[in-house]
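Visitor: Pasting a structure below so you can have a look.
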Amino acid sequence: MVRLYANENFPLPVVVALRAMGHDALTTQDAGKSDQEIPDDEVLSFAVEERRIVLTLNRRDFIRLHRSQPKHYGIIVCTFDADFPGQAQRIHTALSEAGNMTERLVIVYRPG
């Protein structure tokens, strides 16, 4: 089981599928932080406080944050994929292959 924090733009069906796979996935709505336009650096800070890996579709900004603030529990950036179960499986596989995610950035692309 991995502790995840899905930021506001991350698809809920993917989170639900990850939970079904046994991951502890928290959303911004679960955390009482939705619809607040929280800056990305604060999203990352919250994830660090909660010892969670960030899940996001916001690739450019979180890659930049990873470079400028490398002390975190991991960041997974994804391309949008309407195949939500497939995307959840690719994230699950990436987590399994990555091992310890501390201070790591993983990119999960949609196929094709």
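The values are calculated or read from the model by the stated rules, or taken from the named source; none is laboratory data. The structure presented is a predicted model; accordingly, all values stated were derived computationally and were not measured. In this analysis, Cβ positions are derived from the backbone assuming ideal geometry, glycine residues included, and neighbour counts consider all displayed protein chains.
Visitor: Taking the options Asp83, Asp40, name whichever one is touching a residue at least 12 places away in the same chain (Cβ under 8 Å) and surrounded by 15 or more Cβ atoms within 10 Å (Cβ to Cβ).
Guide: Only one candidate passes the filter, namely Asp40.
Results for (1) in contact (Cβ under 8 Å) with a residue 60 or more places away in the chain; (2) surrounded by 15 or more Cβ atoms within 10 Å (Cβ to Cβ), shown as yes or no for each residue.
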position	(1), (2)
Glu49	no, no
Leu57	no, yes
Arg60	no, no
Pro70	no, no
Tyr73	yes, yes
Ala88	yes, yes
Thr102	no, no
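The rows are residues; the columns are (1) of a type in the set (A, V, I, L, M); (2) more than 24 Å from Pro13 (Cα to Cα); (3) in contact with a helix residue (DSSP H, G or I) (Cβ under 9 Å, 6 or more places away or on another chain).
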{"site": "Asp40", "(1), (2), (3)": "no, no, yes"}
{"site": "Arg52", "(1), (2), (3)": "no, no, yes"}
{"site": "Leu57", "(1), (2), (3)": "yes, no, no"}
{"site": "Asp61", "(1), (2), (3)": "no, no, yes"}
{"site": "His72", "(1), (2), (3)": "no, yes, yes"}
{"site": "Val77", "(1), (2), (3)": "yes, no, yes"}
{"site": "Ala88", "(1), (2), (3)": "yes, no, yes"}
{"site": "Thr93", "(1), (2), (3)": "no, no, no"}
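Visitor: May I pose another question? Are any of the residues in region 49-68 of a type in the set (Ser, Thr, Tyr), in contact with a strand residue (DSSP E or B) (Cβ under 7 Å, 6 or more places away or on another chain) and either under 15 Å from Arg3 (Cα atoms) or at pLDDT 95 or above (or both)? Even if it seems obvious, please write down each step before you answer.
Guide: Of all residues in region 49-68, those of a type in the set (Ser, Thr, Tyr) come to 56, 68.
Filter once more, keeping what is in contact with a strand residue (DSSP E or B) (Cβ under 7 Å, 6 or more places away or on another chain): 56.
Okay, now just the ones that are also either under 15 Å from Arg3 (Cα atoms) or at pLDDT 95 or above (or both), so 56.
Looking through region 49-68, at least one residue is of a type in the set (Ser, Thr, Tyr), in contact with a strand residue (DSSP E or B) (Cβ under 7 Å, 6 or more places away or on another chain) and either under 15 Å from Arg3 (Cα atoms) or at pLDDT 95 or above (or both).
Visitor: Failed condition for Ala17, given (1) over 20 Å from Asn100 (Cα atoms); (2) assigned to a loop (DSSP other than H, G, I, E, B), with all others met?
Guide: (2)
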